[in-house]
Amino acid sequence: MIQLINANKTYTSKSGIKVKALDHINLEFNARGLVFILGKSGSGKSSLLNILGGLDSANTSKILINGQELKRFDDRTCSIYRNTHIGFVFQEYNLMNNLDVYENIALALHLQNKPVEPSQILDMLSVVDLNGLEKRRLDELSGGQKQRVAIARALIKDPTIILADEPTGNLDSQSSKQIFEVLKRLSQEKLVIVVTHDREYAEQYGDRIITLKDGRVEEDTQINAFDDVITLAKPIRARLPLSLKAKMSFENIVQNKLRLLVTVMIVSFLVAVLSTVYTALYVSADVTGDLMDLSHQTQLVLSEPIPFTLAETIAPKLNPSTPKKLNAEAVLKLRGIAEKNHAILFPKTHLWLGEDWLRVKDLGLKIDRPEALASDVVIRPNEALLEAIEDATLTFVSNIKVLDRERIGRLPEDRFEVVISSALAQYILVSQNKPIHDYSALLNQFLNVGSFHRLKIVGIVYDEALLLRKEQSILNTSYTNLYVHASFLRYNPLPTRLESYGVQMTEKTDTHALIEALKTVGSITLLPRVSDRLNRYTRHELTLIMAVLVPIIGYFALIFLGNYIASSILKRKKQIGILRALGAEIKEVQWIFMIEVLFVGLLIVLLVLGMVPYMIDVLNFIFKVHFYDTFIAYFHYDVFSLGMGHFIEVISLLALVNLVIVFTLTYHINILDPVDIITGR
């Protein structure tokens, strides 16, 4: 026995007026038989049927089957109730237009996690007189045939109750008669409750007739009584197969091809721009090693900042970046790292003269035209470069091993001889108005170091270098190293000196590995720091760009994605309602759109992956032009490359936003009662 206890339903109209649809309805139904519910429009017939089926929520009600209460106050309980016990037949058929006859009937079995046996579906089609129509599309069927498909879909799940709301409202008399005959046959084994306006059919086929008026039972006539006890099926939680979800998702996509194309192209472009700019904020740590390799720079500088008090006491004019001697423990570690990486660690001595360190300007050289310093490495030199070179501190290197590389001339044999770098040689040649690469012209010339030293140039080592604007550390490895005999420092008349260390790389040295290893010491400043300087340039400028671009890009991307997803969901609003009415839970419905969004997201990712490298190329070109007026030789090196980690972060954020949009939009629909979704209330 099925009991409906104290069913009330009040609607609020658009004008705010409350309308009483059901008023304290109490009814009992037998286990089988054909029950008709009659009444004028607005009498509460459909509301009563929907409450019995768990399609609509009553203000207060209880549904009991064999005395067992079926609580339906949460989505899962209501879905299980509809999926297990209720078979619906709607006036508007409410079939899935994207499925054929066979698939519409099989859908009910899918939701019940039952195997779909073709013979079972064919037998059911025979029951409703639709033999041979299993592969027909719905638009190839008449109204009566569609209604019988709906009956077959309701019947194949073996429900406890079959509910039919105006099943013949859109049919002619002949089709109506066929439907009622089918329902009459079914009522011999099932409880069939039919809402209709047609009293003639009710009196002809009905076992019981209930008449409603103004939300109350006006008349209840029992024609045939059945006292069988209802056998309750085990509750079945609906599960749509992944293949069916995917099929429905791709059908959604196919029906929205143009919108999909526009959305994917626009969002892909926006995300590609975002990924490019975001990637550019972080310059790879490999830049330092890459640029040193490309420029044939072979030396690194290792130092510690001089303490403030020492700088204040010894040299008021001392540059704070001037290095001091590293402690013995650090030097020991550094020497081991250098040897392991086929490099040479050597001290770099700085001599104190009067009130300042010996600098390049103390060589007594004069350059009138800075542009004469231009070379393949130095781009458009200017007064700033010349000032930086002249202000660089001279360093004296007595470790002859570091000269075991390409050079002209010979090694120093006494304390009055010196070997210089090719960069310093070019500087001297320019000051003498000689060709910039005529190194042999300098051999055996004398170099005046301050007023205390006059050193004979006996050799020149090739030492190209990248130049950063006012980057003393690089100048100290290219313009300022003077390679002298060990006796030079031993008998040096200038008593004050500070030491930093250099690392000379050889042909066997892996530049990147050496730099990473040296960073592990932790107590040193490792120069040059090309990547650090690049980060300062790029972060300063690109952060401003990001502050403007990110909100705009994010806003438009969300608009296009949200519009696509909302359109897809709203177009299938009725489909969602049908699935919910058949017993599908909110999560199952959401997965259909999740799969669609994941597919769209995959298309976006593939397009973004194709576009970002080209955008990175544009960004590299922009920065090559941007740095062209400085001393940085970027014309042969791409500073930025696709950072997969940052790209994944952007895509992950996009995916999260997609899922939130799907969840929000579908949940907004799913919190409504299925009947409200289907009817578009």
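For SER243, the conditions (1) surrounded by 17 or more Cβ atoms within 10 Å (Cβ to Cβ); (2) not assigned by TED's automatic domain parsing to the domain that holds ASP75 are fulfilled apart from (1). The residues of the stretch 52-91 that are surrounded by fewer than 21 Cβ atoms within 10 Å (Cβ to Cβ), assigned to a loop (DSSP other than H, G, I, E, B) and either modelled with pLDDT of 80 or more or among the small types (Gly, Ala, Ser) (or both), listed by number, are SER57, GLY67. Considered as a group, the residues in the stretch 153-173 that are surrounded by fewer than 24 Cβ atoms within 10 Å (Cβ to Cβ) and among the small types (Gly, Ala, Ser) include one that is nearest to the chain's Cα centre (by Cα), and that residue is GLY169. Scanning the stretch 174-200 for residues that are assigned to a helix (DSSP H, G or I) and in contact with a Lys or Arg (Cβ under 8 Å, 6 or more places away or on another chain), we see that the one that is surrounded by the most Cβ atoms within 10 Å (Cβ to Cβ) is ILE179.
When each of SER523, SER487 is tested for being surrounded by fewer than 23 Cβ atoms within 10 Å (Cβ to Cβ), among the small types (Gly, Ala, Ser) and over 39 Å from the mean Cα position of the chain (by Cα), the lone residue that passes is SER487. Selection over the stretch 358-377 of residues that are surrounded by 15 or more Cβ atoms within 10 Å (Cβ to Cβ), over 15 Å from ASN476 (Cβ atoms) and more than 51 Å from the chain's Cα centre (by Cα) gives a count of 2. Checked against (1) farther than 21 Å from ALA392 by Cβ; (2) of a type in the set (D, E, K, R); (3) in contact with a strand residue (DSSP E or B) (Cβ under 9 Å, 6 or more places away or on another chain), ASP463 passes all but condition (1).
Taking the stretch 1-36, which residues are farther than 30 Å from VAL182 by Cβ, surrounded by 13 or more Cβ atoms within 10 Å (Cβ to Cβ) and of a type in the set (Val, Ile, Thr)? Within the stretch 1-36, ILE5, THR10 qualify. Residues that are in contact with a helix residue (DSSP H, G or I) (Cβ under 7 Å, 6 or more places away or on another chain) and within 28 Å of VAL19 (Cα to Cα) within the stretch 193-221 comprise ILE193, VAL194, VAL195, THR196, ILE209, LEU212, listed in sequence order.
Within the stretch 205-228, the set of residues being outside any strand (DSSP E or B) and surrounded by 13 or more Cβ atoms within 10 Å (Cβ to Cβ) comprises TYR205, GLY206, ASP207, ASP214, GLY215, ILE223, PHE226. Take the conditions (1) in contact (Cβ under 8 Å) with a residue 24 or more places away in the chain; (2) polar (S, T, N, Q); (3) assigned by TED's automatic domain parsing to the domain that holds ALA7; GLN222 misses just one of them, which is (1). One residue stands out among those in the stretch 329-355 that are surrounded by 16 or more Cβ atoms within 10 Å (Cβ to Cβ) and within 22 Å of VAL449 (Cα to Cα): the one that is farthest from the chain's Cα centre (by Cα), which is LEU353.
Restricted to the stretch 232-303, the set of helices (runs of 4 or more DSSP H) holding at least 2 residues that are free of Cβ contacts under 8 Å to residues at least 40 places away in the same chain and farther than 30 Å from LEU514 by Cα comprises 242-254, 257-280.
ILE669 falls short on exactly one of the conditions (1) of a type in the set (A, V, I, L, M); (2) at pLDDT below 70; (3) surrounded by fewer than 14 Cβ atoms within 10 Å (Cβ to Cβ), and that condition is (3).
The values are calculated or read from the model by the stated rules, or taken from the named source; none is laboratory data. The structure displayed is predicted, hence computed values, not measured ones. Cβ: placed from backbone, ideal geometry, glycine included. Neighbour counts: every protein chain shown.
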